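S.K.: One structure is given below, represented as structure tokens, and several questions about it will come after.
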Amino acid sequence: MDAIRIDNLRKEFKPSWPGRTPVQALDGLTLSVERGEIYGFLGPNGSGKTTTLKILMGLMTASSGRAEVLGHPAGHVETRRQVGFLPESPYFYTYLTAQEFLQFYGQLAGLSRAKIASRVQELLEIVGMQHAGARQLRTFSKGMLQRVGLAQALIHDPQLVVLDEPMSGLDPVGRKQIRDVILSLRDQGKTVFFSSHIIPDVEMICDRVGVILKGRIVAEGRVDELMTRGRNHSIEIMCEGFVSDRIPELREMATRILQQGLRSLIVLPDSTSVDKTIGIIRDHGGRLISVIPHKGSLEDLFVTPTNQRD
């Protein structure tokens, strides 16, 4: 049984004023998230990510289609003890300290006092906030609040963790800590479903990703597969000792040649002509410095369909 299953989900927002066109936030969205995996939900702002997460959490109803969480309809009471959720813009009781805030959510989750006490200290350490547990939330930066928000989502040890832009507002150190937390959740057999537009984080930790654009999935699969699907890998060759942009054969094979004095950067569209290029370099008395292959990235996958459908 999948942790999340979405089938032909649609959400239309009716206009507040007569005569205006309805907004189609989700347009037949279909995807599934397997148990025990990290699934990245990738898309530009306004693509439907937050709307999808709100429907999964029962905070919004779909216009049509089906959404299931842990085998139950989205929002079903049976799933709430097993799901942790961090919204994109969480609300915090800023007069509480971080410890009091987590204790409050532990009580809401029905945990015992002893369990709450141990769990609060454990989570503050996990998210790197043990030094600030006694401080009021009003004194926290956005990144610190984001970490406390993640701790709140984990307070009851859920089986499924749903995060909306969890890296938002974090510095590089904070992003690494959150990535480590997400990876540790998978190691514990838990499922993580998170939305993001920070592509490097998605590439580093996700088992599978889905790219959403205008309410539809435009690409889905394992990260390594999506990064290579239908794409040639460009090759950059650095050499010196001759002027490469004056050689017709090289100009025909290369997509770009940058010449600076007697040093050249030759960019090939793929690996098929690497050997021939190196031979030409040596025939003209040049010296090879480096050959660097460049794989595709999720950014390529993200930008291409965006440009095609605008």
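The values are calculated or read from the model by the stated rules, or taken from the named source; none is laboratory data. This one's a predicted model, so the numbers in the text were calculated from it and none came from an experiment. Here the Cβ is made from the backbone with ideal geometry for all residues, glycine too, and neighbour counts use every protein chain on show. SASA here: full protein model, heavy atoms, side chains in, ligands and nucleic acids out. Shrake-Rupley method; radii C 1.70, N 1.55, O 1.52, S 1.80 Å.
S.K.: When you check Glu249 against the structure, is it assigned to a helix (DSSP H, G or I) and of a type in the set (Asp, Glu), yes or no?
M.R.: It is true that Glu249 is assigned to a helix (DSSP H, G or I) and of a type in the set (Asp, Glu).
S.K.: When Glu37 is evaluated against the numbered criteria (1) modelled with pLDDT under 95; (2) open to solvent by 10 Å² or more (accessible area, probe 1.4 Å), which criterion, by number, is the only one it fails?
M.R.: Against the list (1) modelled with pLDDT under 95; (2) open to solvent by 10 Å² or more (accessible area, probe 1.4 Å), Glu37 comes up short only on (1).
S.K.: Out of the residues in the stretch 97-110 meeting the condition of being touching a residue at least 24 places away in the same chain (Cβ under 8 Å) and under 16 Å from Leu137 (Cα atoms), tell me which one is surrounded by the fewest Cβ atoms within 10 Å (Cβ to Cβ).
M.R.: Thr97
S.K.: Taking the stretch 220-264, which residues are surrounded by fewer than 18 Cβ atoms within 10 Å (Cβ to Cβ), small (Gly, Ala, Ser), touching a Leu at 6+ places or on another chain (Cβ under 8 Å) and over 30 Å from Ser47 (Cβ atoms)?
M.R.: Gly241
S.K.: Next question, about the same structure. Report, by residue number, each residue of the stretch 53-96 that is open to solvent by 80 Å² or more (accessible area, probe 1.4 Å) and either in a loop (DSSP other than H, G, I, E, B) or of a type in the set (Asp, Glu) (or both).
M.R.: Selection gives Leu59, Thr61, Glu78, Glu88, Ser89, Tyr91, Tyr95.
S.K.: Looking at Asp275, Asp270, Asp245, which one is more than 30 Å from Leu183 (Cβ to Cβ), more than 34 Å from the chain's Cα centre (by Cα) and modelled with pLDDT under 85?
M.R.: So the residue among Asp275, Asp270, Asp245 that is more than 30 Å from Leu183 (Cβ to Cβ), more than 34 Å from the chain's Cα centre (by Cα) and modelled with pLDDT under 85 is Asp245.
S.K.: Assess whether Asp270 counts as being open to solvent by 70 Å² or more (accessible area, probe 1.4 Å) and acidic (Asp, Glu).
M.R.: Spelling it out, it is not the case that Asp270 is open to solvent by 70 Å² or more (accessible area, probe 1.4 Å) and acidic (Asp, Glu).
S.K.: Just one of Ile155, Ile217, Ile199 is surrounded by fewer than 20 Cβ atoms within 10 Å (Cβ to Cβ) and either in contact with an Asp or Glu (Cβ under 6 Å, 6 or more places away or on another chain) or under 21 Å from Phe104 (Cα atoms) (or both); which is it?
M.R.: Exactly one of Ile155, Ile217, Ile199 is surrounded by fewer than 20 Cβ atoms within 10 Å (Cβ to Cβ) and either in contact with an Asp or Glu (Cβ under 6 Å, 6 or more places away or on another chain) or under 21 Å from Phe104 (Cα atoms) (or both), namely Ile199.
S.K.: Output the residues belonging to the stretch 22-45 that are farther than 16 Å from Val209 by Cβ and in a strand (DSSP E or B).
M.R.: Result: Val23, Gln24, Ala25, Leu26, Asp27, Gly28.
S.K.: Another question about this same structure. How about the stretch 158-231: which strands (runs of 3 or more DSSP E) wholly inside it have at least 2 residues that are among the charged types (D, E, K, R)?
M.R.: Those strands (runs of 3 or more DSSP E) span 216-222.
S.K.: Is there a residue in the stretch 133-143 that is within 14 Å of Val181 (Cα to Cα) and in a loop (DSSP other than H, G, I, E, B)?
M.R.: No.
S.K.: Considering Arg147, Arg246, Arg175, Arg186, which residue is among the basic types (Lys, Arg) and in contact (Cβ under 8 Å) with a residue 60 or more places away in the chain?
M.R.: Step by step, each of Arg147, Arg246, Arg175, Arg186 is checked, and only Arg186 is among the basic types (Lys, Arg) and in contact (Cβ under 8 Å) with a residue 60 or more places away in the chain.
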